[in-house]
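Undergrad: Attaching a single structure in structure tokens format; questions to follow.
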Amino acid sequence: MDPTAWPGVFREGRGVYTRNLRPGERVYGEELRTADGAEYRQWDPFRSKLAALLVKGAPRDLWPEVGTVLYLGGAHGTTVSHLSDLWPDASIFVVEKSPSAFAPLLALARRRANLLPLLADAQLPERYAADVGLADLLYQDVAQRNQAAIFVENARTCLAPRGAGILMLKVRSVTQRRPAEAVVREGRAELARGGLSVRAEVDLAPFSREHTALVTGPASSTVR
Ligand SMILES: C[S@@+](CC[C@H](N)C(=O)[O-])C[C@H]1O[C@@H](n2cnc3c(N)ncnc32)[C@H](O)[C@@H]1O
């Protein structure tokens, strides 16, 4: 296993891996691999947009030192499980509004103490802001029409002043009518109006054809 620019993320051949916090356990049928006396879980870029962002080329300083994460749109916990591997001592608050997705998320959190699931609507951050406090990293993947507005409101309410953000913008959830580039441009403008500077923009194709990752935060990487 070779280390990468992102602490806790490893590569072997073309695969991306995290070190399994719960050796012997799979979360979504992923491959487990043992190397140097530790077990690693393969992180599938076709199943996780964050893995796709790493494979496509994220800034080296994608996330700061992480103590608290606010993750919006946890679903069954595919990506969340890898964040749990990355930061064993962090508090990872995971907001999910669908009760059917929340049940497996809750089961995952029972086995991983750093996951703190919240059955809530990400459009109403005031409902969980007191639990979360200030997050070092805000991650959002909710595929809603008003994705950028939800991100801005959560950043305003729960993101630490020097915190970083990753918005997985699903272009087709915003509109079917305008070209993808225009939708991304409008998303960036909405973040800018909310006081968030976009320091990287990465199209996630071919792993996720309809998504563009917008990375916000105070770190000083090149804007693309
Ligand atoms: C594409 S899935 C997330 C996949 C997940 N991030 C992963 O990589 O494993 C989107 C999720 O966002 C949830 N969602 C949509 N709107 C939401 C909202 N307003 N508040 C909280 N969760 C929401 C959906 O229920 C769904 O589970």
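Undergrad: Out of all DSSP beta bridges in the chain, what portion is antiparallel? Express it as a percent rounded to 5.
TA: Working: 24 of 43 bridges.
Here the share of antiparallel DSSP bridges comes out near 55 percent.
Undergrad: Would you give the gap between the C-alpha center of the range 29-72 and the C-alpha center of the range 118-187, rounded to a whole Å?
TA: Their Cα centres are 20 Å away from one another.
Undergrad: Quickly estimate the mean residue ellipticity at 222 nm for the chain, helices only: each DSSP H run with n ≥ 4 gives -39500 (n - 2.57), and the total goes over all residues, rounded to 500.
TA: Rounded to the nearest 500, the figure is -8000 deg cm²/dmol.
Undergrad: Please figure out what share of the DSSP beta bridges in the range 119-222 is antiparallel and state it in percent, rounded to the nearest 5.
TA: Expressed as a percentage, antiparallel bridges in the range 119-222 total about 70.
Undergrad: Which chymotrypsin sites (Phe, Trp or Tyr not before Pro) from the range 20-85 combine a DSSP loop assignment with at most 11 other Cβ atoms within 10 Å?
TA: For chymotrypsin sites (Phe, Trp or Tyr not before Pro) across the range 20-85 that sit outside H, G, I, E and B with at most 11 neighbouring Cβ atoms in 10 Å, the list reads F46.
Undergrad: Report Rg(Cα)/(2.2 N^0.38 Å) for the range 4-162, keeping two decimals.
TA: 1.01
Undergrad: Give the residue from P64, Y40, G29 lying farthest towards the positive end of the charge dipole for the range 13-81; charges sit on Cβ (+1 for Lys and Arg, -1 for Asp and Glu) and the dipole is referred to the Cα centre.
TA: Highest projection toward the positive end goes to G29.
Undergrad: Enumerate the lysines that K97 could reach by cross-link, defined here as Cα to Cα under 27 Å, with residues fewer than 8 away along the same chain left out.
TA: Straight-line reach from K97, under 27 Å: K49, K170.
No value in this document is a laboratory result; all are computed from the given coordinates. Computed from a prediction, not measured in an experiment: that's the story for all the values here. Here Cβ is always computed from backbone atoms with ideal geometry, including for glycine, and neighbour counts include all displayed protein chains.
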